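Q: Please see the structure below; I have some questions.
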Amino acid sequence: MKKILLLSLALIIGGSLWLMQTTQVPTHYGAAFAADVPQMQMKDLYADPDRHLAASVVVTGKITRQCPSSGCWFYLDDSSGRQVKIELGHMGIKFPQWLGKNVKVQGQLLKNKDELELVGTAAEFY
């Protein structure tokens, strides 16, 4: 009888932990997302970067590389063949290591040498 109770308890705890992990609410940082800001794909940003420079855009994708010390920057891949560096260090928040996690970011697009960089004003990790 004790074994059945312990096994049942272990299944309930394990199931609860699994459910909490799979139903996590997105973690939001910064300002609210503006409704009038266009969502872009990286391939479109790289196709005509000058058109989008200094403009506010929204991008989504997976984190492929991240600052090892404080998580303040990361590279975002939206599976369109290009990546963009996202800079969030100015927010003054230490971000967890979220490699492989999905994220939606709104910010201002800048050009740093031949690489595009998005200085984020809002980020939502999910």
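The values are calculated or read from the model by the stated rules, or taken from the named source; none is laboratory data. Values in this document were obtained by computation on a predicted structure and should not be read as measured data. Every residue, glycine as well, gets a Cβ built from its backbone with ideal geometry; the counts of neighbours run over all protein chains shown.
Q: Pull out all pairs, ordered by first then second residue, where Cβ-Cβ is under 9 Å, the residues are six or more apart or on different chains, the first lies in segment 50-74 and is free of Cβ contacts under 8 Å to residues at least 40 places away in the same chain, and the second is aliphatic (A, V, I, L, M) and part of a strand (DSSP E or B).
A: Thr64/Leu76; Trp73/Ile86; Phe74/Ile63; Phe74/Ile86; Phe74/Val103
Q: For segment 95-111, check the following and say yes or no: at least one residue is more than 23 Å from His52 (Cα to Cα) and over 14 Å from the mean Cα position of the chain (by Cα).
A: Within segment 95-111, none of the residues are more than 23 Å from His52 (Cα to Cα) and over 14 Å from the mean Cα position of the chain (by Cα).
Listed here are the residues, each with its yes/no results for (1) surrounded by 14 or more Cβ atoms within 10 Å (Cβ to Cβ); (2) at pLDDT 90 or above; (3) within 17 Å of His28 (Cβ to Cβ).
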{"residue": "Ala47", "(1), (2), (3)": "no, yes, no"}
{"residue": "Ser69", "(1), (2), (3)": "no, no, no"}
{"residue": "Leu76", "(1), (2), (3)": "yes, yes, yes"}
{"residue": "Lys94", "(1), (2), (3)": "no, no, yes"}
{"residue": "Gly107", "(1), (2), (3)": "yes, yes, yes"}
{"residue": "Asn112", "(1), (2), (3)": "no, no, no"}
{"residue": "Val119", "(1), (2), (3)": "yes, yes, no"}
{"residue": "Ala122", "(1), (2), (3)": "yes, yes, yes"}
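Q: If I ask for residues that are surrounded by 15 or more Cβ atoms within 10 Å (Cβ to Cβ) and of a type in the set (Ser, Thr, Tyr), which ones from segment 49-67 would you list?
A: Result: Ser56, Thr60.
Q: Pick out the one residue from Gly71, Gly61, Gly81 that is in contact with a Lys or Arg (Cβ under 8 Å, 6 or more places away or on another chain), within 17 Å of Tyr126 (Cβ to Cβ) and not polar (S, T, N, Q).
A: Working: Gly61 fails: in contact with a Lys or Arg (Cβ under 8 Å, 6 or more places away or on another chain); Gly81 fails: within 17 Å of Tyr126 (Cβ to Cβ).
Step by step, each of Gly71, Gly61, Gly81 is checked, and only Gly71 is in contact with a Lys or Arg (Cβ under 8 Å, 6 or more places away or on another chain), within 17 Å of Tyr126 (Cβ to Cβ) and not polar (S, T, N, Q).
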